[in-house]
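The values are calculated or read from the model by the stated rules, or taken from the named source; none is laboratory data. Since this is a predicted model, take the numbers as computed values, not measurements. Here Cβ is always computed from backbone atoms with ideal geometry, including for glycine, and neighbour counts include all displayed protein chains.
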2 protein chains.
Amino acid sequence: MEKLVLHEYAPSGNCYKIRLVAAHLGLPLERRGYDILKGETRTPAFLRDVNGNGRIPVLQIGERFLPESGAACFYLAEGSPLIPEDRFDRADMLRWMAFEQYNHEPNVATLRFWLAFIGADGLSDAQKAALPGKRVAGEAALDLMDEHLRDRHYFVGEAFTLADIALFAYTHVAGEGGFDLARWPAVQGWLDRVAGLPGHIAIDQ
Amino acid sequence: MEKLVLHEYAPSGNCYKIRLVAAHLGLPLERRGYDILKGETRTPAFLRDVNGNGRIPVLQIGERFLPESGAACFYLAEGSPLIPEDRFDRADMLRWMAFEQYNHEPNVATLRFWLAFIGADGLSDAQKAALPGKRVAGEAALDLMDEHLRDRHYFVGEAFTLADIALFAYTHVAGEGGFDLARWPAVQGWLDRVAGLPGHIAIDQ
């Protein structure tokens with residue numbers, strides 16, 4: 001595989017997903033950090049050379065740039081056990097990754113960013129107005145995960161896949177956004193299972 | 001392939017994506033409609049039998065249910081030219097599909113739904129407050145698409161893929177959400193190209 005460089009903001013769960021995939025697969029990953037709180041992913045150079053969307057993570061593969069955490073995880077994991085061989089299971093993995101990006105991350109991750117990184121006092125009026133809706137939607141996402149995990153070890157089939165990595169990233173730090181994970185015992189059991197797997201690394205590693 | 005049933009709300013672009021993939025591949029698709037304005041995807045029966053997330057589309061494959069439009073499109077298109085054979089291009093296709101769901105659909109599609117389906121007078125205060133931000137974000141998504149398409153025929157490589165289908169669905173009806181597509185000429189040219197392909201069907205077909 002060509003040289004891999006992760007353009008990232010280290011505390012971001014979306015960036016952590018890619019590091020976690022690389023760790024499980026034993027792939028070397030060079031890391032290049034940007035402080036999103038200082039706007040370092042909105043500079044003309046970043047927009048021109050790394051990602052016109054002004055966002056991290058971006059996985060650089062040789063001279064090519066791949067934004068979007070799910071796409072980068074998929075690229076790294078193709079041909080590995082992290083992607084199921086069964087056609088339905090493979091699509092079902094993408095289903096949970098889409099759920100994470102659409103229903104989970106904009107609520108669970110955004111509240112963590114707002115409350116633990118910006119801080120409640122620094123929020124705009126629009127952010128303050130959106131907070132209760134995001135709390136309800138984040139709880140609904142955790143409810144759905146808990147119900148799904150009640151009689152399963154992992155999200156798809158009976159194996160650990162990219163779906164688990166995608167959902168682990170922001171769920172295990174949801175407490176920083178004010179979600180009390182004790183409310184979701186099946187989720188807690190699954191978090192422990194994922195964190196106990198060989199090859200696992202922590203978000204601050 | 002097992003019998004395919006699409007659980008849908010016909011005017012939804014997310015549902016249209018799946019019909020468009022099936023049309024291009026010549027796959028028969030039985031359609032079952034739900035009126036989301038009447039809450040028909042939030043009934044106990046729907047939540048239990050079709051999708052605990054209370055959302056459409058859901059692709060039913062035999063007795064199994066697959067929510068999320070991107071996952072359903074991927075399931076149908078595996079092994080077809082709609083998914084690139086090259087590893088980087090395949091991931092890059094997923095990247096544009098993720099961009100669509102995260103940066104495009106929550107803005108471009110939501111404004112269409114709010115303005116053309118609910119109507120400006122029926123919006124809640126929270127929706128009214130969110131409207132200007134969604135307008136700016138939707139325009140930014142269209143800007144990025146326009147720049148990308150300036151020297152390309154399709155989003156990934158030089159072929160029509162699921163990325164084009166995913167982005168076509170809500171872009172071609174963005175006018176219903178108050179976006180003036182004349183501002184984005186490269187997008188317009190691409191919309192015409194996609195609509196002119198053999199096998200194409202309209203959203204109301």
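Among the residues of region A:82-107, write down those that are acidic (Asp, Glu) and either part of a helix (DSSP H, G or I) or facing chain B (nearest Cβ under 7 Å) (or both).
Of region A:82-107, the ones acidic (Asp, Glu) are A:85-86, A:89, A:92, A:100, A:105.
Scanning region A:82-107 gives A:89, A:92, A:100, A:105.
Just to be sure I understand, how many residues within region B:67-112 are of a type in the set (Phe, Trp, Tyr) and free of Cβ contacts under 8 Å to residues at least 40 places away in the same chain? Even if it seems obvious, please write down each step before you answer.
So in region B:67-112, the residues of a type in the set (Phe, Trp, Tyr) come out as B:74-75, B:88, B:96, B:99, B:102.
Next, only the ones that are free of Cβ contacts under 8 Å to residues at least 40 places away in the same chain stay: B:75, B:88, B:102.
Qualifying residue count, region B:67-112: 3.
Filter region B:16-36 for residues that are closer than 14 Å to residue B:69 by Cβ and of a type in the set (Lys, Arg); which is surrounded by the fewest Cβ atoms within 10 Å (Cβ to Cβ)?
Filtering first and then ranking leaves B:19.
Looking at (1) within 14 Å of chain B (Cβ to nearest Cβ); (2) surrounded by 21 or more Cβ atoms within 10 Å (Cβ to Cβ), which is the one condition that is false for residue A:179?
Evaluating residue A:179 over (1) within 14 Å of chain B (Cβ to nearest Cβ); (2) surrounded by 21 or more Cβ atoms within 10 Å (Cβ to Cβ) leaves (1) as the failure.
May I ask you to say which residue of B:61, B:56 is more than 18 Å from the chain's Cα centre (by Cα) and surrounded by 13 or more Cβ atoms within 10 Å (Cβ to Cβ)?
The unique qualifying residue is B:61.
Would you mind finding the one in B:98, B:72 that is at pLDDT 95 or above and not assigned by TED's automatic domain parsing to the domain that holds residue B:44?
Being at pLDDT 95 or above and not assigned by TED's automatic domain parsing to the domain that holds residue B:44 holds for just one of B:98, B:72, which is B:98.
Please enumerate the residues belonging to region B:55-72 that are within 20 Å of residue A:100 (Cβ to Cβ) and within 9 Å of another protein chain (Cβ to nearest Cβ).
B:55, B:59, B:66, B:67, B:68, B:69, B:70, B:71, B:72
How many residues are β-branched (Val, Ile, Thr) and part of a helix (DSSP H, G or I) if we restrict to region B:122-181?
So the count comes out to 3.
Taking region A:134-147, which residues are surrounded by fewer than 17 Cβ atoms within 10 Å (Cβ to Cβ) and either closer than 21 Å to residue A:73 by Cβ or of a type in the set (Lys, Arg) (or both)?
A:135
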